[in-house]
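Asker: Would you mind keeping the following structure in view while I ask a few things?
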Amino acid sequence: MARNIQSLERAAAMLRLLAGGERRLGLSDIASSLGLAKGTAHGILRTLQQEGFVEQDDASGRYQLGAELLRLGTTYLDVHELRARALVWTDDLARSSGESVHLGVLHQQGVLIVHHVFRPDDSRQVLEIGAMQPLHCTALGKVLSAYDPVAHSEALESDRKAFTDRTVCDLDAFEQILDMTRARGYAADVEETWEGVASVAAPIHDRRRMPVGAVGITGAVERLCRDGELRAELIAAVRDCARAVSRDLGAARF
């Protein structure tokens, strides 16, 4: 049985104490409440403060929860709402397209899959929620890079390695792809990430018209493409799904 890390348990207890008690607590209050020596409590508080999870009032010296926790909490709520709003529409997209559907958001220097609907057949499939995809070559990643300035910067700074002979790694060529993605409203990946696999994705916006994610379908090239091009009806279905989720999130003109 794995043993818990004591310092992490103490830090978690400290954050819960600050969240549930008075607005600000002093070092002595925190140490006595948790049964810790002042030196131990101060060391944990100092680390949490450096990471932005705790703030110290200059005048009183008391501690309170920091802005970084608020940011993390808001991110969680945004992703949770995105998934909740997308459930029905992604199910419909999988059913109408006959392909698997992925919902992705920017995470560090990649795309985090936060929702995955299986292809509606009897084939064996692996749930990919929590998986990471690269920004520069997947359809989801290109969409995020095209519409989200932060994702764009991450894609430029990341190691744009080649996964197949079709992967575009050159910076100028990549920027041209992003321009084309913005112009037509969707991104494509035809064997750029995996041999024999194609995907198409479109952006999802929130009520502030900010890009909050991307939705796309993925499947075998022979099913998604016709005469070497992505099937127009599948592109339309993905874009319709993205617009529907955006509308549910409060975005106008979708």
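Asker: In this structure, does Ser153 turn out to be surrounded by fewer than 15 Cβ atoms within 10 Å (Cβ to Cβ), farther than 27 Å from Arg95 by Cα, out of contact with any strand residue (DSSP E or B) (no Cβ under 8 Å at 6 or more places or on another chain) and among the hydroxyl-bearing types (Ser, Thr, Tyr)?
Answerer: Against the criterion (surrounded by fewer than 15 Cβ atoms within 10 Å (Cβ to Cβ), farther than 27 Å from Arg95 by Cα, out of contact with any strand residue (DSSP E or B) (no Cβ under 8 Å at 6 or more places or on another chain) and among the hydroxyl-bearing types (Ser, Thr, Tyr)), Ser153 qualifies.
Asker: Can you name the number of the only condition in (1) in a loop (DSSP other than H, G, I, E, B); (2) loosely packed, with under 12 Cβ neighbours inside 10 Å that His136 fails?
Answerer: For His136, the failing item is (2).
Asker: Hey, could you check region 97-131 for residues that are crowded, with 17+ Cβ neighbours inside 10 Å and of a type in the set (Ser, Thr, Tyr) and say which is farthest from Ile217 (Cα to Cα)?
Answerer: Ser97
Asker: What single numbered condition from (1) at pLDDT 90 or above; (2) closer than 30 Å to Val126 by Cβ; (3) open to solvent by 90 Å² or more (accessible area, probe 1.4 Å) fails to hold for Met1?
Answerer: For Met1, the failing item is (1).
Asker: Has region 184-201 got any residue that is open to solvent by 40 Å² or more (accessible area, probe 1.4 Å), modelled with pLDDT under 95 and within 21 Å of His116 (Cβ to Cβ)?
Answerer: No, region 184-201 has no match at all.
Asker: Within the set of pairs 6+ apart or on separate chains, which have a first residue in region 227-254 that is closer than 13 Å to Ala94 by Cα, a second that is open to solvent by 30 Å² or more (accessible area, probe 1.4 Å) and in a helix (DSSP H, G or I), and C-beta atoms under 7 Å apart?
Answerer: Note: pairs meeting the criteria are Ala237/Ser96; Cys241/Trp89.
Asker: Continuing with the same structure: Output the residues belonging to region 157-168 that are modelled with pLDDT under 95 and either within 23 Å of Arg223 (Cβ to Cβ) or surrounded by fewer than 16 Cβ atoms within 10 Å (Cβ to Cβ) (or both).
Answerer: Glu157, Asp159, Lys161
Asker: Shifting gears a bit: Confirm whether Gly250 is under 21 Å from Val105 (Cβ atoms), open to solvent by 30 Å² or more (accessible area, probe 1.4 Å) and of a type in the set (Gly, Ala, Ser).
Answerer: When the stated conditions are applied, Gly250 passes them.
The values are calculated or read from the model by the stated rules, or taken from the named source; none is laboratory data. None of the values given here were measured: they were computed from a predicted structure. Quick reminder, even Gly has a Cβ in these numbers, built from the backbone with ideal geometry, and neighbours come from all protein chains shown. To get the accessible areas, we keep the full protein, side chains included, count just its heavy atoms, and leave off ligands, DNA and RNA. Shrake-Rupley method; radii C 1.70, N 1.55, O 1.52, S 1.80 Å.
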